[in-house]
Structures are given as structure tokens and as C-alpha cells.
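A.B. asks: The structure that follows is given in the form of C-alpha cells.
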Amino acid sequence: MAYDHVTDSIGRTPLVRLSRLFPGGMQVHAKLELCNPGGSVKDRPARYILEQALADGALRPGMHVVESSSGNLAIALAMLCNRHGLRFTAIVDPKIAPANLRLIRCHGGQVDTVEEKDRNGGYLETRIARAKQLVASDGQAFWVNQYANPGNWLAHFHGEGEELAREMAATPPDILVLGVSTSGTLHGVARRLRQAWPDLRVVAVDAVGSVLFGTPPQPRELPGIGASRVPELLCANEVDEVIHVDDYAAARACRELVLREGILAGGSSGAVIAAIQRLATRPGANARIVTVLPDRGDRYLDSVYDDAWLARMHARHDCARAADTPLPC
């Protein structure tokens with residue numbers, strides 16, 4: 001079929017078995033959200049939230065959309081705002097991948113960069129404060145607020161959650177393994193799959209240095225996983241286990257993923273793969289696992305796939321482990 005606009009093709013992403021990375025008894029299936037037209041899973045909530053707001057009148061053509069984003073949601077929003085005749089400003093921080101910054105601007109979005117770190121050493125609180133400031137100063141502004149907007153998890157519930165329930169009906173998964181940041185993807189997919197399979201085990205993958213599940217803040221490099229502030233959407237009681245993965249381990253797993261499976265994915269995908277590799281070492285590991293690979297790796301050529309960057313991450317995390325101290329050493 002021919003779509004009227006590229007954003008109409010969001011969703012229906014492929015499901016691939018990672019049989020070369022996990023050739024043994026464990027079956028691992030990955031939903032390739034990096035195949036969305038904007039390059040990430042964030043296309044789904046961007047479309048869902050904007051289209052719902054346009055339908056109920058909270059948002060009208062010509063208005064100003066504002067959002068704090070590490071990159072992927074901002075790209076998706078810029079793409080969709082351009083389609084719907086909306087102005088868009090992304091609130092970003094210095095950790096944003098240079099490619100993401102350029103892509104936001106290519107789609108017609110404006111960029112507002114915060115430089116001040118928050119109390120946990122990240123930028124999330126200062127990005128949110130800046131978003132509130134912009135909305136308060138502009139009577140025609142609409143704040144997406146992915147951290148508290150229920151449309152975030154609902155987009156994934158009706159999106160890849162619904163698709164996976166159909167695609168895996170013949171071979172139900174035992175474990176869902178997903179990276180966490182806003183928790184929208186985690187809860188949307190988990191809640192839909194638990195409707196189909198109530199005994200599904202949910203494993204959240206968080207970044208070392210993230211505060212989402214009560215661990216102390218530490219410096220982190222990779223965007224898109226973890227947070228320096230607990231989002232309003234997160235319901236930790238719906239998670240059975242949390243696995244923390246550092247930047248170096250995530251990057252190494254990214255490189256294994258592309259070499260073994262031909263999938264060039266971003267840092268959060270690497271964190272998920274590293275977590276599944278840990279699960280695979282446990283006694284009797286023969287479960288069926290499903291996961292989501294959130295974004296493309298070409299936006300991480302200056303970090304994850306750069307040898308000098310990887311060496312720095314290796315040295316940093318080796319130093320911290322040897323001294324048993326927070327990063328950096």
C-alpha cells in the first residue's frame with residue numbers, strides 16, 4: 001500500500017529472532033523499533049500524543065509544541081509537527097548525539113540547550129524546568145511531558161504491545177526485557193502482554209548511575225536509558241527484576257549485535273542485549289525472551305562505535321570497579 005505521509009507508516013516493525021547471538025536453548029526475539037521512519041520507538045508516542053491532542057482540541061495548527069528529550073522523541077516530534085503545521089522546540093542537553101541534533105533541525109525543529117546539571121548530576125530536572133518556563137511564557141504552547149503523560153505508555157500498549165501479542169501468540173514469551181527511561185515503553189508493552197500472559201516476568205534494564213530504582217546517581221554517557229529523576233509514570237511494583245548495565249558493557253553488546261546479527265542499534269539496545277546475556281548465564285536458562293531495540297546505531301557513530309570513546313568508557317568503569325567508588329575515579 002502507498003501511505004499519504006511517511007508518518008503513516010509508523011509501527012508494524014519487524015520481529016527478529018537473535019539466533020546467532022543466542023544459539024542455545026534460550027530463544028530471544030527482538031522487535032526492531034529502529035525501523036520506524038524517524039528511526040526510533042519514540043515515533044509511536046509522538047504520533048499518539050499529538051494526534052490525540054489535535055483530536056480533542058488541546059492542540060491546534062500553528063501552536064507551539066515543547067518537549068524535553070535526549071534526542072529520539074525530539075526527532076519524532078519535529079517530523080510530526082512539520083506534518084501538522086505546528087512549531088516545535090526541543091529542550092536538550094550537552095549529551096545529545098550530534099547526529100540527533102542535526103536531525104531535529106533538518107525536520108524544522110528548534111533547539112534549546114540547557115547547560116546546568118541537576119542535583120543528581122544529570123540534566124533531566126533542568127530540562128523539565130526549562131520546558132515549564134517556555135510553556136509559561138507562551139500562551140500558545142503545548143507541553144508533551146513524556147515523563148507524566150499517560151499517552152506515552154498508551155501509545156506502546158496499543159502499538160508494539162498489541163503487535164507483539166499477535167506476533168507471539170503461537171510461542172508466548174516467558175520474560176520481557178526492556179530498557180527504562182520514561183518507563184512509557186516498559187509499562188505499555190508489559191501491561192498489554194500481561195493481558196495475554198499474566199505470568200510474564202518483566203525485567204527492567206537500567207543504566208549504572210541512574211536513580212530510577214533507588215541506586216545512587218553517577219555520571220552516565222549514553223542517552224535514552226536511565227534518568228536522573230524518577231518519572232511520574234514509573235510503577236516499580238510492576239517490575240520483577242532490575243538489571244543495571246554500564247556504558248561500556250552496553251557499547252560492547254551493541255558491537256556484538258551488529259557483527260553477529262547485522263543490526264546496527266543504539267546504546268539502549270546494547271544495554272538490553274547485555275542484560276539478556278547475563279540472564280543466559282543463569283542455570284537452566286532456556287526461556288523465551290522478547291525485547292525491543294529502540295533506535296538506530298548510526299546516531300552513535302561518535303560514541304558507541306568510536307574506538308577512542310569505548311576505550312575511555314572501559315578505563316572509567318574499570319577504575320570505578322577497582323576502587324569500589326562512584327564514577328568518575
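Nothing in this text is a laboratory measurement; each read-out follows from the coordinates by a stated rule. Every value quoted in this text rests on a predicted model; they were computed, and no experiment measured them. With ideal geometry, Cβ positions are generated from the backbone for all residues, glycine too; neighbour counts draw on all protein chains shown.
A.B. asks: So for I128, I10, fewest C-beta neighbours within 10 Å to most, what's the order?
C.D. replies: Values: I128 21, I10 24.
By the 10 Å Cβ count, ascending: I128, I10.
A.B. asks: Let me spell out the model: positive unit charges on the Cβ of Lys and Arg, negative unit charges on the Cβ of Asp and Glu, origin at the Cα centre of region 210-290. What dipole size does that give, in debye rounded to 20?
C.D. replies: Working: 8 positive and 9 negative charges, 51 e Å.
In debye, rounded to 20, region 210-290 gives about 240.
A.B. asks: A further question on this structure: Using +1 at the Cβ of each Lys and Arg and -1 at the Cβ of each Asp and Glu in region 43-143, identify which of A55, A97, A136 lies farthest towards the dipole's positive end.
C.D. replies: Final value for the positive-end residue is A97.
A.B. asks: Given the peptides 102-110, 180-188, arrange them by the average over their residues of other C-beta atoms within 10 Å, most packed first.
C.D. replies: Working: 102-110: 17.0, 180-188: 26.9.
Peptide ranking by packing, descending: 180-188, 102-110.
A.B. asks: Mind sorting I263, I225 by how few other Cβ atoms lie within 10 Å of their own Cβ, fewest first? Don't jump to the answer; show the numbers that get you there.
C.D. replies: Values: I263 21, I225 26.
Listed from fewest to most nearby Cβ atoms, that is I263, I225.
A.B. asks: For a quick check of your reading of the filter: which GluC sites (Glu not before Pro) in region 77-152 sit in a DSSP loop and have no more than 10 other Cβ atoms within 10 Å?
C.D. replies: Working: sites: E115, E116, E125; in loops: E115, E116.
Filter output for region 77-152: E115.
A.B. asks: Evaluate the Kirkwood expression for the hydrodynamic radius of region 43-143, namely the inverse of the mean inverse distance over all pairs of different C-alpha atoms, and round to one decimal in Å. Provide the component values of the computation, followed by the final result.
C.D. replies: Values: mean 1/r = 0.0739 Å⁻¹.
Taking every pair of different Cα atoms in region 43-143, averaging 1/r and inverting gives 13.5 Å.
A.B. asks: May I ask you to order 73-82, 50-59 by the average number of other C-beta atoms within 10 Å around their residues, highest value first? Could you put the intermediate results ahead of the total?
C.D. replies: Values: 73-82: 26.3, 50-59: 15.0.
Highest to lowest by the protection proxy: 73-82, 50-59.
A.B. asks: Which translational diffusion coefficient, to the nearest whole µm²/s, is obtained for the chain from the Stokes-Einstein equation, given a Kirkwood hydrodynamic radius over C-alpha pairs, 37 °C and 0.692 mPa s? Kindly include the intermediate steps, with their values, before the conclusion.
C.D. replies: Details: Rh = 19.9 Å.
Diffusion coefficient, whole number: 165 µm²/s.
A.B. asks: Let me have the relative contact order for the chain, percent, based on Cα pairs under 8 Å that are six or more residues apart. Each step should come with its number before you reach the end.
C.D. replies: Numbers: 668 pairs, mean separation 61.6, N = 329.
Rounded, it is 19 percent for the chain.
A.B. asks: Projecting each Cα onto the charge dipole of region 1-144 (Lys/Arg +1, Asp/Glu -1 at the beta carbon, about the Cα centre), which of F22, H64, L34 comes out farthest on the positive side?
C.D. replies: Of F22, H64, L34, it is F22.
A.B. asks: Right, here's the next one. Taking just the alpha-carbon atoms of region 90-164, what radius of gyration and Dmax come out, in angstrom?
C.D. replies: Over region 90-164's Cα set, Rg and Dmax evaluate to 14.7, 42 Å.
A.B. asks: Something else now. Can you give the Rg and Dmax of region 171-235 based on its C-alpha atoms, in angstrom?
C.D. replies: Looking at region 171-235, its Cα Rg and Dmax stand at 12.9, 40 Å.
A.B. asks: At 7 Å along Cα-to-Cβ for each site, give me the label-to-label distance between R20 and A308 in nm.
C.D. replies: 3.0 nm
A.B. asks: Also, quick follow-up: Going highest first, how would you order 152-163, 130-141 by mean Cβ packing within 10 Å? Walk me through the numbers on the way to the answer.
C.D. replies: Working: 152-163: 23.6, 130-141: 14.6.
Those peptides, ordered most packed to least, come out 152-163, 130-141.
A.B. asks: Can you tell me what percent of all Cα-Cα pairs in region 205-329 are more than 26 Å apart? Mind showing how you got there, number by number?
C.D. replies: On the way: 1662 of 7750 pairs.
In whole percent, the long-distance tail amounts to 21.
A.B. asks: Most exposed first by the Cβ proxy, i.e. fewest other Cβ within 10 Å, how do D306, D93 rank?
C.D. replies: Working: D306 13, D93 22.
With the sparsest Cβ surroundings first, the list reads D306, D93.
A.B. asks: Taking the dipole about the Cα centre of region 232-276, with the C-beta of Lys and Arg at +1 and of Asp and Glu at -1, give me whichever of V258, C235, A271 is farthest to the positive side.
C.D. replies: It is V258.
A.B. asks: Hey, for a label at Q133 modelled as a point 7 Å past Cα toward Cβ, could you say which residues of region 44-71 have their backbone N under 17 Å away?
C.D. replies: Of the residues in region 44-71, 66-69 have backbone N under 17 Å from the label point off Q133.
A.B. asks: Determine by what factor the alpha-carbon radius of gyration of region 1-74 differs from 2.2 N^0.38 Å, reporting the quotient. Could the numbers behind the result be given before it?
C.D. replies: Working: Rg = 16.7 Å, N = 74, 2.2 N^0.38 = 11.3 Å.
Compactness ratio reported: 1.48.
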